[in-house]
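Student: If you scroll down you'll find the structure; I have some questions about it.
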Amino acid sequence: MSDVAYEPRMEPRQVAPQLNTALAALHDKAVGFLDPLLTELVLVRAAQLNGNAHGVDVHTAAAAGKGESDRRLHAITVWRQTDLFTPKERAALELTEAMTVTGRGPVPDAVWEEARARFSEGELAHLLFSIASANAVNQVDVAVGRRPE
C-alpha cells in the first residue's frame, strides 16, 4: 500500500442510509441468534471468498476481540486441511462457501444435510440469513473499493 490515503468510490452507507439501516438490522437480527465466535468465523470466511479486505480486517479483529485464537484465524482459508474447527464450525464454513461462491448451483444436498444435523432449525435459518446479509455487505464493499482503515 502506498502512503496516499485511499478513498472508496462512494460511501453508500451515507448516500442511502435507509438501505444501510435496513441491511444492518437484518444482519444484526440474524447474527444475534448464533454463537458469536462461530458467527465471526463465518463472516471472516465470507469476506475472504468475496475478496473484501475491509471485511476480513473487521471480522478477524472482532473474532480476536471475542477470544478467537490467531492460529484458528490464520487457518480459516484452509479449514478443510486442519483439525482446528469443530464439526459444527466446519458445517457452517461449508455452508458459507456453498452460498458464497457463485456459479456452482444450489447448496449441495450433503452440505445442507450436514448443516441441518449440526444446527437447530432456528439456528440454521439465522445462519442462512447471516451468510446472505454478509455477502450483500461484502459485495457492496468490494464494488466501491472499501479497504481496511
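The values are calculated or read from the model by the stated rules, or taken from the named source; none is laboratory data. It should be emphasised that the depicted structure is a prediction, and the values quoted were computed from it without experimental measurement. With ideal geometry, Cβ positions are generated from the backbone for all residues, glycine too; neighbour counts draw on all protein chains shown.
Student: For segment 77-115, enumerate the residues that are farther than 20 Å from L43 by Cβ and among the aliphatic types (A, V, I, L, M).
Tutor: The one that is farther than 20 Å from L43 by Cβ and among the aliphatic types (A, V, I, L, M): A110.
Student: If you don't mind, another one. Any residue at all in segment 67-76 that's crowded, with 17+ Cβ neighbours inside 10 Å, among the acidic types (D, E) and either within 28 Å of V144 (Cα to Cα) or out of contact with any Lys or Arg (no Cβ under 9 Å at 6 or more places or on another chain) (or both)?
Tutor: Scanning segment 67-76, I find at least one residue that is crowded, with 17+ Cβ neighbours inside 10 Å, among the acidic types (D, E) and either within 28 Å of V144 (Cα to Cα) or out of contact with any Lys or Arg (no Cβ under 9 Å at 6 or more places or on another chain) (or both), so the answer is yes.
Student: Scan segment 36-49 and give yes if some residue there is more than 22 Å from P148 (Cβ to Cβ), part of a helix (DSSP H, G or I) and at pLDDT 95 or above, otherwise no. Step through it out loud before you land on a result.
Tutor: Restricting attention to segment 36-49, the residues satisfying the condition of being more than 22 Å from P148 (Cβ to Cβ) are 38.
Filter once more, keeping what is part of a helix (DSSP H, G or I): 38.
Add one more test, that the residue is at pLDDT 95 or above, and what stays is 38.
Looking for residues that are more than 22 Å from P148 (Cβ to Cβ), part of a helix (DSSP H, G or I) and at pLDDT 95 or above, one finds at least one in segment 36-49, hence yes.
Student: Mind telling me which of the residues A125, A134, A117 ends up being buried (at least 19 other Cβ atoms within 10 Å of the Cβ), under 16 Å from L38 (Cβ atoms), touching a helix residue (DSSP H, G or I) at 6+ places or on another chain (Cβ under 9 Å) and hydrophobic (A, V, I, L, M, F, W, C)?
Tutor: Values: A125 fails: buried (at least 19 other Cβ atoms within 10 Å of the Cβ); A117 fails: buried (at least 19 other Cβ atoms within 10 Å of the Cβ).
When all the criteria are applied, what remains is A134.
Student: Here's another thing I want to ask about it. In this structure, does A53 turn out to be of a type in the set (A, V, I, L, M, F, W, C) and more than 23 Å from F119 (Cβ to Cβ)? Steps first, answer last, please.
Tutor: Details: of a type in the set (A, V, I, L, M, F, W, C): yes; more than 23 Å from F119 (Cβ to Cβ): yes.
Criteria met by A53.
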